[in-house]
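All remarks here apply to the structure that follows.
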Amino acid sequence: MSRTTPIIHKTRTQVVVEVLREKILSGEIAAGEPLRQSALAEEMNVSRIPVREALLQLEAEGLVKFEAHKGATATELSVEQVSELFELRALIETDLLAKAIPNLQDEDLRQAEAVLDKLESAFKQDNAVGSWSELNTEFHTSLYRAANRPHTMEVVHGLNTNCDRYIRLQLLLTGGIPRAEQDHRDLLQLCRQKKIDEAVVLLRAHILHAANAIRELVAQQVS
């Protein structure tokens, strides 16, 4: 019994992390909204310990911030943050892709296409919004993994987590899905053809186009 206690405790914390992350990313918890540990613990029927640990993890992901005399709140939408996050993505992910393409095997490309099929299917389902970011990240990751840069991949994962709610807003509210679908298909084809320069140009444009649309959207949201 004593051996299982830490596992159960860790599992509860992770469940709380996933529930709160989804609520923040979906907008159910609004930006700037206080996150009261006691209320959240009661709502999720857990003690305050996993809630506190979950909030600390979400702070590390950039989705929660702690302020003196105020406690934890969901992070605000920020035009400046959009610019920083997406410009970093454009720099890092294009470098990863360029390093990965020469090493991509047929199986890597098959996996990428299978994920893309799932993502396109999810785009057509109203109740699948929550899976968009995970599948989008999985698609890109399947192309970058061959670069054999695990630490860089960790950085990209963190950036994608912070970009998640912005990307959802863009896809939901700016009609960005058709272009995203086309960009992904074109990117996969360029990777198959080992056209590194063209793939890098497309990926950079794909990321920065999203950034421009999101900046306009966020400016409207916070004005």
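The values are calculated or read from the model by the stated rules, or taken from the named source; none is laboratory data. These numbers were taken from a predicted model, which means no experiment stands behind them. Please note: Cβ atoms are built from the backbone with ideal geometry, for glycine as well, and neighbour counts cover all protein chains shown. Surface areas here come from the heavy atoms of the whole protein model, side chains and all, with no ligands, DNA or RNA. Shrake-Rupley method; radii C 1.70, N 1.55, O 1.52, S 1.80 Å.
Within straight cross-link reach of Lys99, meaning Cα distance under 28 Å, which lysines are found once same-chain residues fewer than 8 apart are removed?
Cross-link targets: Lys118, Lys194, Lys195.
So how much slack lies between Glu61 and Ala114, counting 0.36 nm per residue of separation and subtracting their Cα-Cα distance, in nm?
Between Glu61 and Ala114, full extension yields an extra 16.3 nm.
Nearest 10 degrees, 0 to 90: what angle lies between the long axis of helix 106-123 and the longest principal axis of the chain (Cα atoms)?
60
Taking all protein chains in place and a 1.4 Å probe, what share, in percent, of the accessible surface of the range 132-223 do carbon and sulfur account for?
54
About the Cα centre, and with charges only on the beta carbon of Lys, Arg (+1) and Asp, Glu (-1), how big is the dipole of the range 86-223? Nearest 20 debye, please.
In total the dipole reaches around 160 debye.
Add -39500 (n - 2.57) for each DSSP H run of 4 or more in the chain, then divide by its residues: what number comes out at 222 nm, to the nearest 500 deg cm²/dmol?
Calculated mean residue ellipticity at 222 nm is -25500 deg cm²/dmol.
Can you find, among Val64, Leu88, Ala41, the residue farthest towards the positive end of the dipole of the range 3-149? Put +1 on the C-beta of Lys and Arg, -1 on that of Asp and Glu.
The residue sitting most towards the positive pole is Ala41.
Here are several values of mean projected area of the Cα convex hull in nm²: [x] 12.9; [y] 16.6; [z] 14.2. Which one was derived from the coordinates shown?
Checked against the structure: label [z].
In whole Å, what is the distance between the alpha-carbon centres of the range 73-108 and the range 171-214?
Centre-to-centre distance over Cα atoms comes out at 12 Å.
Rolling a 1.4 Å sphere over the protein heavy atoms, what is the accessible area per residue of the chain, to the nearest Å²?
I get 54 Å² per residue for the chain.
May I ask for the angle, rounded to the nearest 10°, between helix 79-100 and the longest principal axis of the chain, with both axes built from Cα atoms and the value confined to 0 to 90°?
Tilt of helix 79-100: around 50 degrees.
Taking a cut-off of 19 Å between Cα atoms, list the aspartates and glutamates near Lys23, but don't count ones fewer than 8 places away on the same chain.
Answer for Lys23, where 19 Å is the Cα cut-off: Glu33, Glu42, Glu43, Glu53, Glu59, Glu61, Glu76, Asp126, Glu134, Asp164, listed by chain and number.
In whole Hz, with x marking every Gly and Pro, tabulate ³J(HN,Hα) for the range 194-203 from phi via Karplus 6.51 cos²θ - 1.76 cosθ + 1.60, θ = phi - 60°.
Using θ = phi - 60°, the values come out as 6, 8, 4, 4, 5, 5, 5, 4, 5, 4 Hz.
Calculate the dipole size of the range 6-103 relative to its Cα centre from +1 charges on Lys and Arg beta carbons and -1 charges on Asp and Glu beta carbons; express the result in debye to the nearest 20.
Here the range 6-103 has a charge dipole of around 440 debye.
Given a 1.4 Å probe and every protein chain left where it sits, what share in percent of the accessible area of the range 55-108 is carbon and sulfur?
Within the range 55-108, the accessible surface is 51 percent carbon and sulfur.
May I ask you to derive the FRET efficiency for Arg204 and His157 from their Cβ-Cβ distance with R0 = 22 Å, giving the value to the nearest 0.05?
It comes out at approximately 0.70.
Express in nm, to one decimal, how much length is gained between Gln37 and Asn127 on full extension, taking 0.36 nm for each residue of separation and deducting their alpha carbon distance.
Answer, rounded to one decimal: 29.5 nm.
Could you give the dipole magnitude of the range 83-151 about its Cα centre, charging the beta-carbon of Lys and Arg +1 and that of Asp and Glu -1, in debye to the nearest 20?
The calculation lands at about 140 debye.
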